[in-house]
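Worksheet: the structure to be examined is printed underneath.
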Amino acid sequence: MGVQGFAVVNVTIQQPTKKPRSGERASEQKEANRRIAREKMRIEHTIGSVKRCRIIRDKLRYWRDT
């Protein structure tokens with residue numbers, strides 16, 4: 001998955017297909033949208049837990065010199 005805001009080499013952007021005005025999406029398109037949504041949800045949950053645990057933001061305070 002990728003974000004459209006910036007371009008990265010060797011990254012494919014996956015977007016769900018919209019429903020056409022004239023009717024319904026094909027079952028293959030619905031299944032592809034579900035796969036994209038599952039993958040996106042997993043990524044968003046991972047980003048949320050990194051932010052919640054402050055893994056990136058805070059300094060490591062209890063670092064031992066070895």
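No value in this document is a laboratory result; all are computed from the given coordinates. Nothing here was measured: the structure is a model prediction, and the numbers come from that model.
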* Structure fact -> Restricting to lysines and to Cα separations under 20 Å from Lys19, and discarding same-chain partners fewer than 8 apart, the set is Lys30, Lys40
* Within straight cross-link reach of Lys59, meaning Cα distance under 25 Å, which lysines are found once same-chain residues fewer than 8 apart are removed? -> Lys51
